[in-house]
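First up is the structure itself, then whatever we jot down about it.
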Amino acid sequence: MTYATHVLRHSKKIGRSSNLIRHDSAVLVHWFSNGMRSSMEKGDDILRCQSGLASGERHNIPKSFNRCYSGSAVSNNSCRTVSPRMSFGNALRTTIAPCTSTGSVSFIRRSSRSQAPSRRGFSTASDLPPHQAIGMPSLSPTMTEGNIARWLKKEGDKVSPGEVLCEVETDKATVEMECMEEGYLAKILHGDGASSIKVGEVIAVTVEEEDDIAKFKDYQPSTSDATPSPKAPASPPPPKEEVAEKPVTPSQPKVSKPSAVDRIFASPLARKIAEDHNIPLTNIKGTGPEGRIVKADIDDYLASRGKEAPAAAPKADTSLDYMDIPVAQIRKVTASRLLLSKQTIPHYYLTVDTCVDKLIELRSKLNSLQEASGGKKLSVNDLVIKAAALALRKVPQCNSSWTNDYIRQYHNVNINVAVQTDNGLYVPVVRDADKKGLSTISEEVKNLAQKAKENSLKPQDYEGGTFTVSNLGGPFGIKQFCAIINPPQSAILAVGSAEKRVLPGSSEGQYKFASMMSVTLSCDHRVIDGAIGAEWLKAFKGYIESPESMLL
């Protein structure tokens, strides 16, 4: 049985003993600690430390309370003693008095929710009562910092578990952060619009009693929570490094840097041109025999420098009228991830034209049935998503991700759908699209798109995708384009618009009209070879041109 279980059991027992609280405080502490002595000695999260108590105090306060708590739940590995005054409720709450030689200890109430991480702190300063510091939560695997969109509670408001404190703008969406405990919002450290707040940084403080709010008017979070003091013994190594470096410095003059400059070989004409333009020869790489700098090298250097100079010209033009637009958090993350994708993923592109006449005809029939049953109409994109999911099930190599040591192939087919909003580009996910019907896919896509436009997507609405579909054809009439892979996925499908084209008929001299749609598959060549990508496109085209097979 863990330490926390014993605390809960004994606290409930004490809560039922109303007359026990009126007893002498020292006897109460002694009785309670003796009941837990055996379990506390067995606990793996207890660290004994010296308390600095006077000898007279040791008679009244048992050793069981004279300990430190260590591990992730404790912000400072220090010790405090328990004063005789206690109050008991659903959980053990103690009034802490500082030891003569130690700092403070923080108690954390753990919760399964991630919206409002907090820790209970007891300050060593006598004017600060027990309080709870609320940190910036990590609401997505890629989140390192966030913004405060707006506070729904203000300082002095009473808060209860489940109430929304504020809206946090993450790298994916804007998420509501809920309160975890009952109390009062004493201090807001980052107001509306605060940006670039690191995950874990304290953004607010709550207290249990309303009378304690005024004491946090000028509160600032401590910067010494990282407990750098135990690392103090590590300070002697720097002098050792300096001593070790001093013998090395005499050896540095042995490197004949001046002689390297004298040994730069250049033709007389190249030297003269370099002197006329104040160009150091050390900045130029020679292409002549044995690295000799020739006139052509100087000319190339001047030409390259001439190209760089005009780039600064727009900054000097004060006649331009412009406006600086603040970059939202999602725009920053989108920019960094797509830049990383293009820089680290070897893209290649495969394009195919598909005839969508049968697809449009099937869609028309299904929409008639949907209207008769009161359902919503299907879009061409809904059928594209279904066809892409079934093609991934047929060619699972495209439903994979690259890691440095292996290729991870997913058994779930989760399709991200790119949605453009005023706040930026969102990619909500339709999970297990290969197993869902067209009406279900259509309804989910519409709901997710609406939530994206309202900036109310939850992490579960956009995480866990294995493949992405981006459609610029239907909404914007784009004929064909190449999309950037959404890491860590290995492929993305770019869907263009359908247009009427004249195609050769079955016999010579005959022609027919057909609606053709161009789609381009962007592949990660580390995961998907060209033949595999072509095989996937063949399967996708088969479902689009024979849409009845998607209903089997």
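Taking θ as phi - 60°, what are the ³J(HN,Hα) couplings along segment 494-503 by the Karplus curve (6.51, -1.76, 1.60), each to the nearest whole Hz, with x for Gly and Pro?
Residue by residue, segment 494-503 yields 9, 9, x, 8, 8, 9, 6, 10, 8, 10 Hz.
Here is the link list: Lys358/Lys479; Lys342/Lys386; Lys435/Lys479; Lys394/Lys541; Lys172/Lys342; Lys332/Lys386. Which ones come out longer than 24 Å on Cα distance?
As for pairs spanning more than 24 Å Cα to Cα, those are Lys342/Lys386; Lys435/Lys479; Lys332/Lys386.
Over 28 Å between Cα atoms: which of Lys187/Lys451; Lys446/Lys512; Lys377/Lys436 fall into that group?
On the way: Lys187/Lys451 31 Å; Lys446/Lys512 35 Å; Lys377/Lys436 16 Å.
Where the Cα-Cα span goes over 28 Å, the pairs concerned are Lys187/Lys451; Lys446/Lys512.
Sorted by accessible area with a 1.4 angstrom probe, largest first, how do Thr334, Thr170, Thr287, Thr344 fall?
Thr287, Thr344, Thr334, Thr170
Give the long-range amide H neighbours of Ala149: residues separated by 5 or more places, or on another chain, with amide H under 5 Å away, using H modelled in the peptide plane at 1.01 Å from N.
Glu167, Val168, Glu169, Gly193
Which value results for Rg/Rh of segment 329-394 when Rg is the Cα radius of gyration and Rh the Kirkwood radius based on the inverse mean 1/r?
Result: Rg/Rh = 1.17.
Accessible area per residue for segment 332-433 in Å², computed with a 1.4 Å probe and the full protein assembly in place, what is it?
Numbers: 5260 Å² over 102 residues.
Each residue of segment 332-433 exposes 52 Å² on average to a 1.4 Å probe.
Compare the peptides 361-370, 201-210, 438-447, 485-494 by average per-residue count of other Cβ atoms within 10 angstrom and give them in order, highest first.
Descending mean neighbour count gives 485-494, 201-210, 438-447, 361-370.
Just to make sure I understand: if all protein chains stay in place, what is the order of Tyr426, Tyr511 by accessible area at 1.4 Å, largest first?
Tyr511, Tyr426
The values are calculated or read from the model by the stated rules, or taken from the named source; none is laboratory data. Treat the numbers as computed from the prediction; the structure is a model and nothing was measured. Glycine gets a Cβ as well: all are built from the backbone with ideal geometry, and neighbour counts include every protein chain shown. Only protein heavy atoms, including side chains, enter the accessible area calculation; ligands, DNA and RNA are left aside. Shrake-Rupley method; radii C 1.70, N 1.55, O 1.52, S 1.80 Å.
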